[in-house]
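Below: one structure, written as structure tokens.
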Amino acid sequence: MFSSVRLFLVLLLFSLTVGVDAQAQQIPARLDAYVTADSVAVGQRFTLVVMAEHGFAVDVQFPEQDAGPLIFGDVQVVEPRQTGERYLGADAPGQRVDSARYTVTTFALDSARVPTLPVRVITSGGDTLVGATPPVSIPVYATVPSDENQLRGLTPLASFPEPRWPWVLLAVAVISLVGVLAYLWWSRNDDTEEEPVVEEVEPETSPYERITEDLRELDRLDVTEPGNAKRFYVRLSESLRRYLAARLGMQTMERTTREVVEILEQRTDVPPVVTSRVRAVLELADLVKFSNARASVDDSETALQEAHNVVDIVESHHVEKASASPPPAGRSVNAG
């Protein structure tokens, strides 16, 4: 059910983005996907191939390698994709085959599943359609050393020296208590004039602290209760947009998802992986908010994790940029 919902969301989102009804037009290309291994071990690398057979006047765009688990499912892309094309010649005049090869690995148990992958097809008339490859499954087996054919007995408990930290904590507590009592005695016997109380102004919350608190609250929200799923994605979209606006200095709140993604793609200080993951989170949120699509609990957890990844990458680049900038010049003070 999770993969079906994900396919529906991805196809519907791309159709809304390019303004084309994918159900009303036939995809002028034959799409397929397969893996080059019959079965793999946990952590073993293998190749996922996505291909499209089409005419010369048609162009295709394959998924980006950093699209994440929302697109590639149980496999992880570990190397940049390799693309190629092949002309069929006399066997099929006017036809060619474009392909993309992804080096992937998986840590799934028993079997790994690659869901239907979205492929953009650009016709000769300039229209952009979205097709989907069939899903791919591959068995995954666990390796056991040949000499481990019998169960071993329990290892005896290791002996540890008696810990000293309880005594250290006790000493710190006693010293702290004595210090507090001495301060209270001194305060009561001090005849000096009391200083006026100055109200402390709370420091302004940073964009990182604000979105961290927002994501923490969303993590505690039960999306299975009626109405909470839509509330979850509305707050997730607003929090991520507000963070990008504050940290990157860009307008996001009054713009569409497509406009936000286009701005990020034009920014040289934003890594491509940030753009692709922001696109995935905002597009999924748009589907739930405006199309009443039903996202599973796994979809919500993945979207929340992708938002955490975006914040971590942006904050890392922000810290590097701040450390590379020269410190501001201070004011000169005249002595005397």
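Just so you know, all these numbers are worked out from the coordinates, no wet-lab data involved. Computed from a predicted model, the values in this text were never measured in an experiment. So basically every Cβ, Gly included, is an ideal-geometry build from the backbone, and we count neighbours across all protein chains shown.
Which length gain, in nm to one decimal place, applies between Arg255 and Phe56 when the Cα-Cα distance is subtracted from 0.36 nm times their residue separation?
Gain in length upon complete extension: 68.0 nm.
Please give the residues of the stretch 56-86, grouped as numeric ranges, whose backbone N is less than 18 Å from a label point set 7 Å along the Cα-to-Cβ vector of Ala92. Only 56-62, 84-86 pass the distance filter.
Across the stretch 78-91, coupling constants 3J(HN,Hα) worked out from phi with the 6.51/-1.76/1.60 Karplus curve, θ = phi - 60°, read 10, 9, x, 5, 10, 10, x, 9, 9, 8, 7, x, 5, 5 Hz, and Gly and Pro carry x.
Kindly give Rg over Rh for the stretch 207-323, based on alpha-carbon atoms, with the Kirkwood expression for the hydrodynamic radius. Don't skip to the end; give the middle numbers.
Values: Rg = 13.8 Å, Rh = 14.4 Å.
Radius of gyration relative to Kirkwood radius: 0.96.
Simple spin-label estimate for Glu301 and Leu169 gives 3.2 nm between the two label positions (7 Å along the Cα-to-Cβ direction from each Cα). Taking amide H as placed 1.01 Å from N in the peptide plane, Ala132 has its amide H under 5 Å from the amide H of Val119, each at least 5 places away in sequence or on another chain.
For Val60, nonlocal amide neighbours, meaning residues 5 or more places apart or on other chains whose placed amide H falls under 5 Å from its own, are Ile122.
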